[in-house]
Amino acid sequence: MLMISPKMASGMQEKQYTPCLLNFFIYNPTFGPREGEEEKKILFYHPSEVEKNEKIRNVGLCEAIVQFTRTFCPTKPAKSLHTQKNRQFFFEPEENFWIVMVVRNPMIEKPNKDGKPPTIEYQEEEILDTVYGAVVRQCYSMYKLFNGPFGRAMETGGVELLMQKLEKFFYRYLQTLHLQSCDLLDVFGGISFFPLDKMTYLKIQSFVNRVEESLSLIKYTAFLYNDQLIWSGLEQDDMRTLYKYLTTSLFPRHSEPELAGRDSPLRPEVAGNLLHYGRFLTGPANLKDPEAKFRFPKIFVASEDGYEELHLIVYKAMSAAACFMINASVEVTREFCEQLDGLVGPQLTLLASDICEQFTINRRTSGPEKEPQFKFIYFNHMNLAEKSTIHMRKTASVCLTSVHPDLMKILGDINCDFARVDEDEEIIVKAMTDYWVVGKKSDQRELYVILNQKNANLIEVNEEVKRLCATQFNNIFFLD
Amino acid sequence: MAEEHYLELSENPVQFEHASSVNNVFFDEANKQVFAVRSGGATGVVVKGPDDKSSVAFRMDDKGEVKCIKFSIGNKILAVQRTSKSVDFINFIPDYPHTEFTQECKTRNASILGFCWTSWNEIVFITDQGVEFYQVFPDKRNLKLLKSQSINVNWYQYCPETAVILLSTTVQGNVLQPLAFKNGNVSKMSKFEIELPVIPKPAKLSLSERDVAMATIYGQLYVMYLKHHSRTANSPGAEVVLYHLPREGPCKKSHVLKLNTTGKFALNIVDNLVVVHHQSSQTSLIFDIRLKEPDCSVNTQQPVLPARSIHPYRIPLSGSAVVPSQPPVPCQLYSSSWSVFQPDIIISASEGYLWYLQVKLPPTVKLLQDKGKLMDFLLRRRDCKMVILSVCSQILEGSEKAELPVVATVFDKLNQVYKDYLEAEQSYAAAVESGPSRGAATQKRPVRTQAVIDQSDMYTHVLSSFSERKGVSHKFIIAVLMEYIRSLNQYQITVQHYLYELVIKTLVQHNHFYMLHQFLQYHVLNDSKPLACLLLSLEGTYPPAHQLSLDMLKRLSTANDEIVEVLLSKQQVLGALRFIRSVGAHDNVSARKFLDAARQTGDQMLFYTVFRSFQQRNQRLRGSPAFNPGTF
């Protein structure tokens, strides 16, 4: 699991180790209150091969810390514990259910001369509570999206079922956590929206409404293009988690074979007389296959009375993806899928090419893009809209940033400062590496800019950011 | 069945003394007057026009049987034809001598087939050997020959609207020569030949006057030819063949209307529809030549609607008002005594009635299932507005609710017409602005027909009641509203804010704030101050509305005062101050409200900061930190 990125420093070979996951466990102290029954508290433990007593010890320690700190502030229990070697994060998503994640601090291994064992330097201040706290919360949200809350499994099948579900879900999910590349964007957990002109947007609206009308089983629809959201019929919080799943797991899994050329050139399906490129990303890979299974992942979303269970059908044509959600109590049949394919396939194909056309027109009119002197991250708490010119496209395996981790750390620090106060703020930092980092907060919006201007002074940097706001954010109320 | 009669006779027919052995009845298509001539005029001539003003009664000497009698336009001069050689004239202009004067046709041995007035003092004689065009001088009581044309004529037809006379020439009669008359001039339009179903041998007159009519349809002149079914040709029924007669250029066969039956037919034009009456089945068919059936160069068309008879008509028994209890008598429709005239006149000489044929639109709604086609049809009719609006309501609610694609098609069709009108208005306005000398003279102000259904019509008659109706799913309501907005946008029509308010209201009512947020995020709902204020009012239930509203005010760029008010009301005094500076309005803003707001926060430091800021401003502006008493 260790990711190693060697770094050159002062002629000596040093090894730098990025933060990594040590433990991840879920427990409920009320399940084994008596001595000798401590094991019953543990619902899930990673890594599973850890010896039982050690599991019990670690869980007990966490329980004790939480209990102890609660005496100081009953309403806000401890969120994290900093130690030299690692950091622990505590999260109680449902009453008495605790999720704990233990992250090993990044460290530098300095080789010693004379064959002595290398010196290890832990960089305990390098990781941010906000970032990993958000990762833990995201773990829970993702579990809840596919399984419903812990309480639901308890109601239907008791502890055993819950443990099964946790095992099944987290065994795979934890492998997809890439703690070394978590950063400010994980704190935001935002949604990237696809910029689109009004007319095309209305066409998409029209498409969604028509599909929902003719296939009345469909309860909610979400529409994405290029992995960016355009329309969500789901409420914001559910969409946030679903979006995360789609963009970091489902889409990358399907785009990689495409990129690898296995599927390409895409064979257009012939339905009626209309050529279309639609296909199911969840459910049957090939409708024509007589053996095809019509099973779709189920998801849980908030509803007026708690939560509801839905089938998640993801259907994609070229770069446009539509998620259709159907009440889970209804069986999705072959006929329905064929009907959907016949109806949605041609329309979605057409829309996708429309959007693509509009997009290229807009890009052309906005002029040739020069490599800007700055990079930025924008986030709006109100609609969760995020925009980053720092991050490259996300793939299933890793999220790439184009700036040095130190700068990302500064961004995270500024974000923590912003979180402490309600008022609008602006922070300008000169980084060690001659970069300027500017953070601005206006009402519910945050903007982080990294400028690469070596000899600029504070006033020039301020002017530069003003210019950026005027060009990039002129249509929102963003105070200078 | 009763609601399915889409044709009816006008409720107030022109009544005249019915034809009899002593009373001859004539009809003048130009003035639409019926002449009842009793005993050659000696015992009176009663002229009934479409309205009371054009009705006249007079006496004239009986100088023999009247063959034809017509007033010039405006009832100025009366022309009476009694022989085949001459026409007599009587002045009806006050103060002019009333004695008759006579004009014989100039061509020797020719006999007059008839005459037509083309203006108040210009008249055309049509003889079997040509046409003679005269100007009448009522004061001098004589005529001057303006033009003449020599050509063999079998029969003729006259279209008063366009002042075009159509002459049937050649032995078979199927070569038609149209002549246009205007301001003392005759112009020959291109002649054309009508294809006969069978060519007779030996040649003889085969094209009957009865089978040809002229009319203007959608502003264009057409010759309609009723082509009877021939046993040799394998066509299943008779056809009406339309020839388009442009002002310039050759005449072209343009449409073939399939009647799918045989028998006796008569033609009318009502509201630009070709109505074909079929006597034996006592039904009528209608055709709309603008409904496109795009398969070949000559547009072959089927009837728009299934054949139906004219709405039953009852004749109120005229008579003295003393016995009003007499029940009205049903009138025999499609009677053999009916005469049909262009464009929309039906006369029963034996009963003494002249009706105008009318189209009733409401029954067509049920008969035409395809809503897109129905809209195309309705949008071209004269009194269509309320029917269209009722169709719109119908497809949104109740048992006949249509699917969204149909709703979208209907909206698109309405907005196409709406857009065309707006564009015409705009170019007219531009022309007027560019200079009264040229622009306004060449361009007429566009006429707003009933087919122009604007947003306020839709809002008042359809959408507002529909959105409040119980039992309609809100999903459908929102989908319909968005579809209408999409359609307006597609035709680049500025959407009125009340439509957006309807959308917002519906979304808010069902707690779909996140949907609303997304619409605003993509600027689907256009910015406006009323909308921004509406959003502000939602802040209590949906906090993000505050940000949405401020963004909108900012984009409007004319709402800086409002932004300051909003910020101050939130006690964001520094924010307000920074904003007012950023837009450069710091110098002329009133310090009082800022200081007031700062004081209300109870934050002394804040108050001091604001106060100092204004002092510095004063210093900069007036060289003194003091506040001006007046402008404080």
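The values are calculated or read from the model by the stated rules, or taken from the named source; none is laboratory data. These figures come from a predicted structure and were not determined experimentally. Backbone-built Cβ (ideal geometry, glycine too); neighbour counts: all protein chains shown.
Filter the range A:292-313 for residues that are modelled with pLDDT under 90 and in contact with a Pro (Cβ under 8 Å, 6 or more places away or on another chain); which is nearest to residue A:149 (Cα to Cα)?
A:307
Mind listing whichever residues of the range B:456-478 are more than 14 Å from chain A (Cβ to nearest Cβ) and not in a helix (DSSP H, G or I)?
First pass over the range B:456-478, keeping only residues more than 14 Å from chain A (Cβ to nearest Cβ): B:456-471.
Within the range B:456-478, B:469, B:470, B:471 qualify.
Can you give me the ranges of the strands (runs of 3 or more DSSP E) entirely in the range B:138-226 with at least 2 residues that are more than 26 Å from the chain's Cα centre (by Cα) and of a type in the set (Lys, Arg)?
Numbers: elements: B:142-150, B:155-159, B:164-169, B:175-182, B:185-188, B:212-217.
Counting at least 2 such residues, we get B:142-150.
Could you tell me which of the residues A:192, A:214 is of a type in the set (Ser, Thr, Tyr) and within 9 Å of chain B (Cβ to nearest Cβ)?
Numbers: A:192 fails: within 9 Å of chain B (Cβ to nearest Cβ).
So the residue among A:192, A:214 that is of a type in the set (Ser, Thr, Tyr) and within 9 Å of chain B (Cβ to nearest Cβ) is A:214.
Return the only residue of A:201, A:173 being among the aromatic types (Phe, Trp, Tyr), facing another protein chain (nearest Cβ under 10 Å), in contact (Cβ under 8 Å) with a residue 24 or more places away in the chain and more than 22 Å from residue A:339 (Cβ to Cβ). Show your work before the answer.
On the way: A:173 fails: facing another protein chain (nearest Cβ under 10 Å).
After applying the criteria, what remains is A:201.
In the range A:6-59, which residues are among the hydroxyl-bearing types (Ser, Thr, Tyr) and either buried (at least 19 other Cβ atoms within 10 Å of the Cβ) or modelled with pLDDT of 85 or more (or both)?
Keep residues of the range A:6-59 that are among the hydroxyl-bearing types (Ser, Thr, Tyr), which gives A:10, A:17-18, A:27, A:30, A:45, A:48.
Within the range A:6-59, A:17, A:18, A:27, A:30, A:45, A:48 meet the criteria.
Select, from B:14, B:56, B:46, the only residue that is over 26 Å from residue B:141 (Cβ atoms) and among the hydrophobic types (A, V, I, L, M, F, W, C). Before you say what the answer is, go through the steps one by one.
Values: B:56 fails: over 26 Å from residue B:141 (Cβ atoms); B:46 fails: over 26 Å from residue B:141 (Cβ atoms).
Step by step, each of B:14, B:56, B:46 is checked, and only B:14 is over 26 Å from residue B:141 (Cβ atoms) and among the hydrophobic types (A, V, I, L, M, F, W, C).
Looking only at the range B:35-42, decide whether some residue is without any contact (Cβ under 8 Å) to a residue 40 or more places away in the chain and of a type in the set (S, T, N, Q).
yes
Based on what the data block shows, is residue B:250 at pLDDT below 85, of a type outside the set (Ser, Thr, Tyr), exposed (fewer than 14 other Cβ atoms within 10 Å of the Cβ) and out of contact with any Cys (no Cβ under 6 Å at 6 or more places or on another chain)? Step through it out loud before you land on a result.
Values: at pLDDT below 85: no; of a type outside the set (Ser, Thr, Tyr): yes; exposed (fewer than 14 other Cβ atoms within 10 Å of the Cβ): yes; out of contact with any Cys (no Cβ under 6 Å at 6 or more places or on another chain): yes.
Considered against the rule, which asks whether it is at pLDDT below 85, of a type outside the set (Ser, Thr, Tyr), exposed (fewer than 14 other Cβ atoms within 10 Å of the Cβ) and out of contact with any Cys (no Cβ under 6 Å at 6 or more places or on another chain), residue B:250 comes out as no.
Which members of the range B:29-56 meet the condition of being surrounded by fewer than 16 Cβ atoms within 10 Å (Cβ to Cβ) and either under 28 Å from the mean Cα position of the chain (by Cα) or modelled with pLDDT of 85 or more (or both)? Step through it out loud before you land on a result.
Step one: list which residues in the range B:29-56 are surrounded by fewer than 16 Cβ atoms within 10 Å (Cβ to Cβ), which gives B:39, B:42-44, B:51-53.
Result: B:51, B:52, B:53.
Mind counting the residues in the range B:95-119 that are over 23 Å from residue B:50 (Cβ atoms) and assigned to a loop (DSSP other than H, G, I, E, B)? Even if it seems obvious, please write down each step before you answer.
Residues of the range B:95-119 that are over 23 Å from residue B:50 (Cβ atoms), as a first pass: B:95-113.
Subset that is assigned to a loop (DSSP other than H, G, I, E, B): B:95-100, B:105-111.
Number satisfying all stated conditions: 13.
I'm trying to understand the selection: among the residues of the range A:16-58, which are of a type in the set (Asp, Glu) and either under 24 Å from residue A:84 (Cα atoms) or in contact with a strand residue (DSSP E or B) (Cβ under 7 Å, 6 or more places away or on another chain) (or both)? Talk me through it step by step, then tell me what you get.
Let us first name the residues in the range A:16-58 that are of a type in the set (Asp, Glu), namely A:35, A:37-39, A:49, A:51, A:54.
A:51, A:54 - these are the residues of the range A:16-58 that are of a type in the set (Asp, Glu) and either under 24 Å from residue A:84 (Cα atoms) or in contact with a strand residue (DSSP E or B) (Cβ under 7 Å, 6 or more places away or on another chain) (or both).
Whether any residue in the range B:296-317 is under 21 Å from residue B:281 (Cβ atoms), in a strand (DSSP E or B), modelled with pLDDT of 85 or more and among the small types (Gly, Ala, Ser) is what I want to check. First the steps, then the outcome.
Within the range B:296-317, the first condition is being under 21 Å from residue B:281 (Cβ atoms), and the residues that meet it are B:301-313.
Next, only the ones that are in a strand (DSSP E or B) stay: B:301, B:308.
Checking which are modelled with pLDDT of 85 or more leaves us with B:308.
With the extra rule that they be among the small types (Gly, Ala, Ser), the set shrinks to none.
Scanning the range B:296-317 turns up no residue that is under 21 Å from residue B:281 (Cβ atoms), in a strand (DSSP E or B), modelled with pLDDT of 85 or more and among the small types (Gly, Ala, Ser).
What number goes with the only condition from (1) free of Cβ contacts under 8 Å to residues at least 12 places away in the same chain; (2) buried (at least 16 other Cβ atoms within 10 Å of the Cβ); (3) more than 14 Å from every other protein chain (Cβ to nearest Cβ) that residue B:534 does not pass?
Just one mismatch for residue B:534, condition (1).
I'd like to check which helices (runs of 4 or more DSSP H) are fully inside the range B:559-618 and have at least 1 residues that are of a type in the set (S, T, N, Q) and within 14 Å of chain A (Cβ to nearest Cβ).
On the way: elements: B:560-569, B:573-582, B:591-600.
Qualifying helices (runs of 4 or more DSSP H): B:560-569, B:573-582.
Can you name the number of the only condition in (1) more than 11 Å from every other protein chain (Cβ to nearest Cβ); (2) touching a residue at least 12 places away in the same chain (Cβ under 8 Å) that residue B:484 fails?
(1)
Looking for whichever is at pLDDT below 90, in contact with an Asp or Glu (Cβ under 8 Å, 6 or more places away or on another chain) and surrounded by 19 or more Cβ atoms within 10 Å (Cβ to Cβ) here; the options are B:227, B:258. Which one fits? Full working, then the answer.
Numbers: B:258 fails: surrounded by 19 or more Cβ atoms within 10 Å (Cβ to Cβ).
Just a single option satisfies the conditions, and that option is B:227.
What tally of residues in the range B:57-83 results from selecting those that are surrounded by fewer than 15 Cβ atoms within 10 Å (Cβ to Cβ) and under 22 Å from residue B:163 (Cβ atoms)? Before the answer, list the steps.
Narrowing the range B:57-83 to residues surrounded by fewer than 15 Cβ atoms within 10 Å (Cβ to Cβ): B:57-59, B:61, B:64-65, B:74.
Filter again for under 22 Å from residue B:163 (Cβ atoms), leaving B:74.
Final tally of qualifying residues: 1.
How many residues does the range A:69-90 hold that are over 29 Å from residue A:120 (Cβ atoms) and in contact (Cβ under 8 Å) with a residue 40 or more places away in the chain?
Summing the residues that are over 29 Å from residue A:120 (Cβ atoms) and in contact (Cβ under 8 Å) with a residue 40 or more places away in the chain in the range A:69-90 gives 0.
Where residues in the range A:419-429 are under 12 Å from residue A:461 (Cα atoms) and free of Cβ contacts under 8 Å to residues at least 24 places away in the same chain, which of them is nearest to the other protein chains (Cβ to nearest Cβ)?
Let us first name the residues in the range A:419-429 that are under 12 Å from residue A:461 (Cα atoms), namely A:427-429.
With the extra rule that they be free of Cβ contacts under 8 Å to residues at least 24 places away in the same chain, the set shrinks to A:427, A:429.
Working: A:427: 16, A:429: 21 Å.
Across the range A:419-429, the extreme among qualifying residues is A:427.
Mind checking which residues of the range A:281-316 are assigned to a loop (DSSP other than H, G, I, E, B), touching a residue at least 12 places away in the same chain (Cβ under 8 Å) and of a type in the set (Gly, Ala, Ser)?
At the first step, the residues of the range A:281-316 found to be assigned to a loop (DSSP other than H, G, I, E, B) are A:281-297, A:304-305.
Going one step further and asking which of them are touching a residue at least 12 places away in the same chain (Cβ under 8 Å), we end up with A:281-284, A:287, A:292, A:294-297.
Matches in the range A:281-316: A:283, A:292.
Just to verify a result, which residue in the range B:487-505, among those that are among the polar types (S, T, N, Q) and farther than 20 Å from residue A:207 by Cβ, is nearest to the other protein chains (Cβ to nearest Cβ)?
Here is the first cut: in the range B:487-505, the residues among the polar types (S, T, N, Q) are B:487, B:489-490, B:492, B:494, B:496.
So of that shortlist, the ones also farther than 20 Å from residue A:207 by Cβ come out as B:492, B:494, B:496.
On the way: B:492: 9, B:494: 12, B:496: 16 Å.
Among those that are among the polar types (S, T, N, Q) and farther than 20 Å from residue A:207 by Cβ, it is B:492.
Among the residues of the range B:544-556, is there at least one that is assigned to a helix (DSSP H, G or I), modelled with pLDDT under 90, under 30 Å from residue B:475 (Cα atoms) and more than 14 Å from chain A (Cβ to nearest Cβ)?
No, because not a single residue in the range B:544-556 is assigned to a helix (DSSP H, G or I), modelled with pLDDT under 90, under 30 Å from residue B:475 (Cα atoms) and more than 14 Å from chain A (Cβ to nearest Cβ).
Exactly one condition in (1) loosely packed, with under 14 Cβ neighbours inside 10 Å; (2) within 14 Å of chain B (Cβ to nearest Cβ) is not met by residue A:379; state its number.
The number of the failed condition is (1).
Considering only the range A:415-432, I want to know if a residue exists there that is among the β-branched types (Val, Ile, Thr) and buried (at least 21 other Cβ atoms within 10 Å of the Cβ). Working first, answer last.
Taking the range A:415-432 and keeping what is among the β-branched types (Val, Ile, Thr), we get A:421, A:427-429.
So of that shortlist, the ones also buried (at least 21 other Cβ atoms within 10 Å of the Cβ) come out as none.
Looking for residues that are among the β-branched types (Val, Ile, Thr) and buried (at least 21 other Cβ atoms within 10 Å of the Cβ), one finds none in the range A:415-432, hence no.
Of the conditions (1) in a loop (DSSP other than H, G, I, E, B); (2) of a type outside the set (S, T, N, Q); (3) modelled with pLDDT under 90, residue A:254 satisfies every one except a single condition; which number is it?
(1)
Among the residues that make up the range B:377-384, is at least one of them surrounded by fewer than 18 Cβ atoms within 10 Å (Cβ to Cβ) and either within 14 Å of another protein chain (Cβ to nearest Cβ) or outside any helix (DSSP H, G or I) (or both)? Step through it out loud before you land on a result.
Taking the range B:377-384 as the starting set, the residues that turn out to be surrounded by fewer than 18 Cβ atoms within 10 Å (Cβ to Cβ) are B:382-383.
After this cut, where a residue has to be either within 14 Å of another protein chain (Cβ to nearest Cβ) or outside any helix (DSSP H, G or I) (or both) as well, the list is B:382-383.
Yes, some residue in the range B:377-384 is surrounded by fewer than 18 Cβ atoms within 10 Å (Cβ to Cβ) and either within 14 Å of another protein chain (Cβ to nearest Cβ) or outside any helix (DSSP H, G or I) (or both).
Just the residues that are part of a helix (DSSP H, G or I) and closer than 14 Å to residue A:321 by Cβ, please, taken from the range A:214-247. Spell out the reasoning first.
Of the residues in the range A:214-247, the ones part of a helix (DSSP H, G or I) are A:214, A:236-247.
If the condition is that a residue be part of a helix (DSSP H, G or I) and closer than 14 Å to residue A:321 by Cβ, then A:239, A:242, A:243, A:245, A:246, A:247 are the ones that fit.
Residue A:151 passes all but one of (1) over 30 Å from the mean Cα position of the chain (by Cα); (2) under 21 Å from residue A:173 (Cβ atoms); (3) among the small types (Gly, Ala, Ser); which number fails?
(1)
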